[in-house]
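Right, one structure below, let's go through it.
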Amino acid sequence: MTLVLNEEQLMLKESARDFLQQRAPLSHLRELRDSGNTRGYSPELWSEMADMGWTAILVPEQYGGLEYGYSGLGIVLEESGRTLTPSPLLSTCLMGVTALTTGGSDEQRRKYLPEVAAGSHLLALAVNESSVHAPCSVATAAQASGEGFSLTGRKTAVIDGHNADTLIVSARTRGTEHEADGISLFLVPADHPGIHTERYRVLDTHTAAHMTLDKVEIGPDAVLGELHRGMAVLDPVLNAGAIGQSAELLGVAQEAFERTLGYLKERKQFGVLIGSFQALQHRAAVMFGDIEQCKSIVLKGLRALDKGDENLSEIASLIKAKLSETAHHVTAEAIQMHGGIGMTDEFDIGFFLKRCQILETFLGDHYFHLDRFAGQRGY
Amino acid sequence: MRELEQFRSDVRAWLEAHCPESMREPYRSEADVCWGGRNWKFQSEDQEIWLRCMAEKGWTAPTWPAQYGGGGLDREHAKILKQEMSRIKARPPIYSFGIAMIGPALLKYGSEELKMQHLPPIVRGEIRWVQGYSEPNAGSDLASLQARADDQGDHYIVNGSKIWTSYGEKGDWMFALIRTDSEAPKHQGISLILFDMQTPGISTRPIQLISGKSPFTETFFENTRMEKNQVVGEPNQGWTIAKYLLTHEREMIGETGNLQSGAELLSHIAVKKLGLDNGRLSNPVLRTDIARFEIDEVCHQLTMERARDETKAGASLGPSASMFKYYGTELNKRRYELLMAVGAQDALIWEGADSNEGELARRWLRSKGNSIEGGTSEIQLNIVAKRILGLPG
Ligand SMILES: Cc1cc2nc3c(=O)[nH]c(=O)nc-3n(C[C@H](O)[C@H](O)[C@H](O)COP(=O)(O)OP(=O)(O)OC[C@H]3O[C@@H](n4cnc5c(N)ncnc54)[C@H](O)[C@@H]3O)c2cc1C
């Protein structure tokens, strides 16, 4: 198979770009922030995204979805990275749906997927317990209680945690705190009275939550995947998440780069365009090349998800590590090459660095993924 | 789709039957590379068989038209051939500046007569070509070259010199940039001329590299006769052709950043040399550098693959070739830096059987030339900035 988009995918890319540029350009993010919006995204926009079919892209046809695969969703994520448009696409439509298609029983899928596809049900992944992404470090306990379980513990950095209708929570059913074995996943209604949610805003307008679970009683049908073997579901979900975040980072980096390139061709100093200075030209040329590489690997990663490649963990970490480093470098250089105006809140370029830092840190930064990549390769 | 799958299985069966076992092993040293040419001495019977079989199919130049001896394959078929060769770790049957450089230029700009004369022997590995571009005072600023031709009716008389001619003393034929009009602006008076290195009036002087070897020469022309019918394209239009040829050269050099067919992953070499401690290389800083390198290696390879997928078979990658040249060579330099770090004090050994005559240290030193030959890294970045990004100046 060749590493180029087919015609259908190119059409999706174009329609996603048109929609986002018109309905949710960067000023949309600024408005959300300045209006003090607490959700972190616009529900009106979300229902328009659902009308576009984006919420259904990954959902299998039999559950009311489009079954258009990761390659399709990746295109939309990349475009929404360009406009920095906040939405629950990553938490619900990518990771939530992957969790259900990977580990969900038919009953669970029937319960959630049609509503997710319609855009009327949000999911969030509650897996971390400290500031550092460490999915195997789980102290939250799931104790047998009646026929089901009782969950107690604290989860951190739950993206869209305060917006979700249902949480996917990792909790320990056996073993010790840092062991992979003994972690189980549970589908928990977010409005359960035993759950206390502390919403917080991050660098830009995005929001996340810390969540405390105090004797949250759930039935046996809440278990997602096999008991004790939650990592068998969580690993693929986090791999998909890393690749999806990378697609979004690709959009962030491309847009920041293109805006900067435009500035190099417009701003004059010493009587000439600043883009004629070789010190800037060479740095721009290297950024261009780095972004080209990022395009190739994101495409490869999305294809690998669609095909279910066996070394997905290696691929996902490779991609997230590279995209994090590249997008970070590009968005920071974007500020430098704009000079003073790049530092002002009024000018948009700083938003790209902020979003980059968020995407790169949630669910594992490049240090995490470099380490994981090396481990996957056996060193 | 079915046709492609059929082709794949045919190729697989053919390679199985024709690629000798010893040609499926990684190179032990540079001496294992087959270059071909009039004076070529095959290192083994297998090397000769492998070249002959591949040449008969035209698969030494898979995308060239069959009428010039090539394989006549389109992009997808050529990609399958390449994949199947690397699947069995087959060595390239030949390394050839004829195939990588002058061939594509002839295909695009050469007369029918020149194509018929030169392309089939290149496919068969019979003629070894060398490149006469650089001069002592014309390196990055190539168009300021001085070697000059005086018009004598049906031929030229050429005087001047070329420098850094890789394998100059081993070359059978040279393609050279010669100034055929000294009055014209510097880019407009240059021709690309082909000539036999045995022509009277040509001499070479070896130049030793920091790696202790001397694969290149200075080449002198003293009243050398060159035929007008060996000018590629129109006289004085050589600069355009020269630049086109360079895109193919740069694409070829960009390949040095890829894991060569059959070569070992850097991390495997590191694990063998240094061992694991709790499943990890014990120095976490070196481990991270190796991980970053291996990630970038995949990035480069996939990006070259993507660029080729987007381009017609055999066509030039255009200014993108400069990007690949830059990344591929910077990567190869990093690879050798890391190999030296992994080899540690043993890697310093210059002579003696244990070190294979200082093979690693010599290759490490040689890799420093990657970002100079074919145009320096700085020049590649200039090209990307101006030709791709459209930056001024
Ligand atoms: C191993 C090897 C094999 C070679 N084989 C061949 C061959 O077979 N045939 C052949 O014709 N040539 C060959 N070359 C020559 C090669 O193409 C030249 O060395 C190269 O183009 C650089 O030219 P130069 O050596 O004159 O360096 P210079 O042009 O003098 O460059 C010196 C430094 O200045 C920098 N510089 C120059 N101009 C600029 C600019 N505009 N902006 C920023 N920096 C600049 C360069 O990047 C470099 O760092 C070979 C070279 C090597 C090292």
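The values are calculated or read from the model by the stated rules, or taken from the named source; none is laboratory data. Everything numeric in this text was worked out from a predicted model, so none of it was measured. Please note: Cβ atoms are built from the backbone with ideal geometry, for glycine as well, and neighbour counts cover all protein chains shown. Ligands, DNA and RNA are excluded from the accessible area calculation, which covers all protein heavy atoms including side chains. Shrake-Rupley method; radii C 1.70, N 1.55, O 1.52, S 1.80 Å.
Straight-line reach only, C-alpha to C-alpha below 17 angstrom: list the lysines that B:LYS82 could link to, leaving out same-chain residues fewer than 8 apart.
B:LYS57, B:LYS312
What number results when the radius of gyration of region A:331-379, computed over Cα atoms, is divided by 2.2 N^0.38 Å?
Output field value: 1.59.
Kirkwood Rh and Cα-based Rg: tell me the resulting Rg over Rh for region A:7-121, rounded to two decimals.
For region A:7-121, the value is 0.98.
Given the convex hull over the Cα atoms of chain A, what projected area results after averaging over all orientations, in nm²? Walk me through the numbers before you get to the answer.
Numbers: hull surface 76.6 nm².
Here the figure is 19.2 nm², rounded to one decimal.
Can you give the direction-averaged projected area of the convex hull of the alpha-carbon atoms in region B:2-124, in nm²? Mind showing how you got there, number by number?
Numbers: hull surface 30.7 nm².
Result: 7.7 nm².
Over chain B, with a Gaussian network built from C-alpha contacts below 10 Å, which listed residue (B:ALA13, B:ALA176, B:ALA315) shows the highest mean-square fluctuation?
B:ALA13
Across all directions of projection, what mean area in square nanometres is found for the Cα convex hull of region B:129-236? Working shown, then result.
Working: hull surface 26.2 nm².
Averaging across all directions leaves 6.6 nm² for the Cα convex hull.
Please work out the Cα convex hull volume for region B:262-330 and give it in Å³ per residue. Please list the in-between numbers first.
On the way: hull volume 7.2 nm³, N = 69.
It comes to 105 Å³ per residue, whole-number rounded.
I need the phi-derived Karplus couplings for region B:239-244: 6.51 cos²θ - 1.76 cosθ + 1.60, θ = phi - 60°, integer Hz, Gly and Pro marked x.
So the Karplus estimates, Gly and Pro as x, are 5, 4, 5, 4, 5, 4 Hz.
Would you mind checking the radius of gyration and Dmax of chain B based on alpha-carbon positions, in Å?
That works out to 21.8, 77 Å for Rg and Dmax.
With the dipole of the protein assembly as shown worked out from charges on the C-beta (+1 for Lys and Arg, -1 for Asp and Glu) around the Cα centre, which of A:SER42, A:PRO88, A:GLY364 lies farthest toward the positive end?
A:GLY364
So how do A:THR85, A:THR344 rank on accessible area, 1.4 Å probe, biggest first, that is with the largest at the start?
A:THR344, A:THR85
Sorted by accessible area (1.4 Å probe), largest first, how do B:THR376, A:THR55 line up? Mind dumping the intermediate values first?
On the way: B:THR376 30, A:THR55 0 Å².
Largest accessible area first, the residues go B:THR376, A:THR55.
Going highest first, how would you order B:295-303, A:266-274, B:111-119 by mean Cβ packing within 10 Å? Spell out each step's value before the answer.
Details: B:295-303: 22.4, A:266-274: 11.8, B:111-119: 15.7.
Taking the mean over residues of other Cβ atoms within 10 Å, the ranking is B:295-303, B:111-119, A:266-274.
I need the per residue convex hull volume for region B:241-388, using only the alpha carbons, in cubic angstrom as a whole number.
Values: hull volume 19.7 nm³, N = 148.
Considering the Cα atoms of region B:241-388, their hull volume per residue is 133 Å³.
Kindly state, to the nearest 0.05, the FRET efficiency for B:VAL33 paired with A:GLN336, given R0 = 35 Å and r defined as their beta-carbon distance.
0.20
Could you work out the mean count of beta carbons from other protein chains within 10 Å of each residue's beta carbon in A:275-282?
5
Looking only at other chains, what is the average number of their beta-carbon atoms within 10 angstrom of each beta-carbon in A:234-240?
0
Across the residues of A:289-300, average count of Cβ atoms on other protein chains within 10 Å?
Taking the mean over all residues of the peptide, I get 6.
Can you send over the solvent-accessible area of A:SER137, 1.4 Å probe, protein chains only, in Å² to the nearest 10?
The accessible area comes out at roughly 30 Å².
Roughly what % of Cα-Cα distances in region B:169-301 sit above 25 Å, to the whole percent?
Working: 4756 of 8778 pairs.
Value for region B:169-301 (Cα pairs over 25 Å): 54 percent.
For region B:287-344 and region A:262-307, what is the separation of their C-alpha centers, rounded to whole Å?
17
At a 1.4 Å probe radius, carbon and sulfur cover how many percent of the accessible area of chain B? Mind showing how you got there, number by number?
Values: 9080 of 17940 Å².
Percent of accessible area from carbon and sulfur atoms in chain B: 51.
So which GluC sites (Glu not before Pro) in region B:172-265 end up in coil per DSSP with only 14 or fewer other C-beta atoms within 10 Å?
Here the GluC sites (Glu not before Pro) that fit, given the DSSP loop and packing criteria, are B:GLU183, B:GLU264.
Calculated from DSSP H runs of 4 or more alone, at -39500 (n - 2.57) each and per residue, what is the 222 nm mean residue ellipticity of chain A, nearest 500?
The per-residue figure over chain A is -16000 deg cm²/dmol.
In nm, to one decimal, how far is the A:GLN143 label point from the A:LYS307 one, both placed 7 Å along Cα→Cβ?
In this crude label model, A:GLN143 to A:LYS307 measures out at 4.9 nm.
With springs only between Cα atoms under 10 Å apart, run a GNM on chain A and tell me which of A:GLU78, A:GLU44, A:GLU217 wobbles the most.
In the Gaussian network model the winner is A:GLU44.
Can you check how the C-alpha radius of gyration of the protein assembly as shown compares to 2.2 N^0.38 Å, as a plain ratio?
Computed over Cα atoms of the protein assembly as shown, the ratio equals 1.09.
So which trypsin sites (Lys or Arg not before Pro) in region A:83-176 end up in coil per DSSP with only 16 or fewer other C-beta atoms within 10 Å?
A:ARG174
Who wins for biggest fluctuation among A:MET95, A:MET11, A:MET231 in a Gaussian network model of chain A, springs between alpha carbons below 10 Å?
Among A:MET95, A:MET11, A:MET231, the largest GNM mean-square fluctuation belongs to A:MET11.
Tell me, what is the per residue accessible area of region A:232-376 in Å², probe radius 1.4 Å?
On a per-residue basis, region A:232-376 sits at 35 Å².
Which distance in Å, rounded to a whole number, links the C-alpha centroids of region B:114-149 and region B:238-271?
Here the answer is 19 Å between Cα centres.
Find how many whole Å separate the alpha carbon centroid of region A:15-39 from the alpha carbon centroid of region B:156-205.
Cα centroid to Cα centroid, the span is 62 Å.
If you take the accessible area of B alone plus A alone and subtract the pair, what total do you get in square angstrom, rounded to 100, with a 1.4 Å probe?
Approximately 3400 Å², summed over both chains.
Counting residues in region A:226-289 as N, plug N into 2.2 N^0.38 Å and put the Cα Rg over that result.
Details: Rg = 20.3 Å, N = 64, 2.2 N^0.38 = 10.7 Å.
Taking N as the residue count of region A:226-289, the ratio is 1.90.
Would any residue of region B:73-99 have its amide N under 18 Å from a label point 7 Å out along Cα→Cβ of B:PHE7? List them or say none.
Within reach of a label on B:PHE7, which here means backbone N under 18 Å from a point 7 Å along Cα→Cβ, region B:73-99 contributes B:73-87.
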